[in-house]
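Here the structure is laid out as structure tokens; the discussion comes afterwards.
FYI, it's all coordinate maths here, none of it is from the lab. Given the structure is predicted, the values throughout are model-derived calculations rather than measurements. Note that each Cβ is placed from the backbone with ideal geometry, even for glycine, and that neighbours are counted across all protein chains shown.
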Amino acid sequence: MAAAVTLAAKGMPVTVFESGPVPGGRARRVTTDGRELDNGQHILIGAYTELLRLMQLVGVPSSALLRMPLDLRYADGFRLRGALDLLFSGRIPFREQVDAVRFFISLKAKSFKLPEDISVSALLEQHRQNGVLGHYVWRPLCVSALNTPPEQASAQVFATVLRDSIAGPSGASDFLLPRVDLSRLFPEPASEFVAKHGGEVRTNSPVRELAALQKEFGAVIVAVGPHQLKALLPDLAPAYEYQPIYTCYLQYPESVQLGGPMLGFSEGLVQWAFDRAALTGERGLIACVISAQGDHQQMTQEDIAATCHAELKAAIRELPEPQWSRVIAEKRATVACVPKIKNLQFRTNHKSLFLAGDYLDADYPPTLEAAVRSGILAANRITETH
Ligand SMILES: Cc1cc2nc3c(=O)[nH]c(=O)nc-3n(C[C@H](O)[C@H](O)[C@H](O)COP(=O)(O)OP(=O)(O)OC[C@H]3O[C@@H](n4cnc5c(N)ncnc54)[C@H](O)[C@@H]3O)c2cc1C
């Protein structure tokens, strides 16, 4: 949709073929058991400059996002409000604070480019960041941003995330939490923008082969997920490894609250819980997020929901049983963000065929922003050459 909007804004007639009933792909609204839910709780950060720019371009009001400064608040009482809290939090031993400053100075001195890509846990070990900060800040940040366990995740991509968020310009590390469903957040307003500019978005329209499209249209951007690439471009698709993201929705009576839009859990299954009342107005609905691989992949959905409830119950006094629960398991949520991942280019051997998607960016983890940037890149290349 980022590619389509970029082309439409430049007056190019564009047709989008989307196999699903709603646009949005891995960040979309789903209807399940008669209820509308997001396929997974998403979080944006202030550093998502291109996505935020396109949202503005297609007319999404700023009220669609709840912006809040970096605030890591945990159920066990640990809290880190803003990057400066690294230095002032009484919960972080002085030795670690000194090491954290050295860690940042060392990354900054190298312009956040590591001499060799290693795992995030090896990087944290090197800089003695595996204590309280590792537990509450670096490791959770790695899992949330790279969706890959620190033992496997790319330290280089992690360093880039730190550069653009915590060490970025003012507001870059702000959290932006959607206040509307994910399809309304960008893909649907983007579709309306494309239609207004003479283009068309065809939902329920899977593309089965590219040759006919290449004949019919001047240029084609293949913006499918990495696991869907093989069906269209079998020769091109490398064998990626994937990481899951599970979201467990628990509906409680309307009076149940988390005491803030999000709450961290540092032990157990749940990593972050989101209070949908504070975001979308869905009172009593809590979304528990479990990113990356883990033992939960062997559990039944009922067991996952029961475990999430038990962990919430330990944090929220007198929490009643949920009225209903729903686990949405995205088994291939993103490619694993590991060192030396073989990145495809957005250009292919055909001069009118381009790729776009979150898996294409060599610097960024597979996120909404990476997907948007690659779409803009492919669209710009088309307008330059056609
Ligand atoms: C549960 C979950 C939570 C996440 N949380 C975050 C988060 O908090 N922050 C963040 O930044 N990122 C998050 N991500 C990652 C983010 O959702 C993805 O990086 C992003 O949506 C990828 O966009 P994309 O356009 O590259 O691919 P996709 O979203 O996969 O889009 C590909 C589209 O192509 C369509 N398609 C496939 N094959 C065909 C075909 N043959 N014909 C027509 N259409 C086809 C699909 O239906 C789909 O709509 C999360 C992902 C998941 C699954």
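Values for this structure:
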| item | result |
| --- | --- |
| Proxy reagent accessibility, fewest Cβ within 10 Å first, across Lys215, Lys108 | Lys215, Lys108 |
| Distant-in-sequence amide H partners of Ala153 (H built 1.01 Å from N, under 5 Å) | Val120, Ser121 |
| Alpha-carbon centroids, segment 100-120 and segment 271-348: separation in whole Å | 30 Å |
| Residue exposure sequence - Ile341, Ile245 - by fewest surrounding Cβ within 10 Å | Ile341, Ile245 |
| Average Cα contact separation per residue, the chain, under 8 Å, 6 or more apart, as relative contact order % | 25 percent |
| Among the listed pairs Lys113/Lys331; Lys113/Lys351; Lys110/Lys331; Lys10/Lys215; Lys230/Lys340; Lys196/Lys230, those beyond 24 Å (Cα-Cα) | Lys113/Lys331; Lys113/Lys351; Lys110/Lys331; Lys196/Lys230 |
| Computed [θ] at 222 nm, deg cm²/dmol, the chain (DSSP H ≥ 4; -39,500 (n - 2.57); rounded to nearest 500) | -9000 deg cm²/dmol |
| Vicinal HN-Hα couplings computed from phi for segment 25-41 (Karplus, 6.51 cos²θ - 1.76 cosθ + 1.60; Hz; Gly/Pro x) | x, 7, 9, 9, 7, 10, 10, 9, 6, x, 10, 9, 9, 7, 5, x, 4 |
| Where no second cysteine Cβ lies under 4.7 Å, the cysteines concerned in the chain | Cys142, Cys337 |
| Nonlocal amide H pairs with Tyr242, under 5 Å, H built at 1.01 Å | Ala336 |
| Sites Gln297 and His386, calculated FRET efficiency, Cβ-Cβ separation with R0 51 Å, nearest 0.05 | 0.70 |
| Under-5 Å amide H pairs with Leu233, H placed in peptide plane, nonlocal only | none |
| Distance in nm between pseudo-label sites at Gln323 and Glu241 (7 Å out along the Cβ direction from Cα) | 4.3 nm |
| C-alpha center-to-center spacing [segment 135-195, segment 1-53] in angstrom | 15 Å |
| Point-to-point label distance, Thr348-Gln97, nm (Cα→Cβ direction, 7 Å offset) | 5.5 nm |
| By average C-beta atoms within 10 angstrom, highest first, the peptides 373-379, 360-366 | 373-379, 360-366 |
| Shape of segment 242-335, Cα gyration tensor, a/c cut at 1.5 | prolate |
| Neighbour-count order for Ser19, Ser63, fewest beta carbons within 10 angstrom listed first | Ser63, Ser19 |
| Compactness of segment 71-173, expressed as Rg and Dmax over alpha-carbon positions, Å | 12.8, 37 |
| Within-12-Å neighbourhood charge of Arg163 [Cβ basis; K, R +1; D, E -1] | +1 |
| Helical segments meeting 20 Å axial Cα length and Kyte-Doolittle -0.5 threshold in the chain (DSSP H) | 94-109, 301-315, 368-385 |
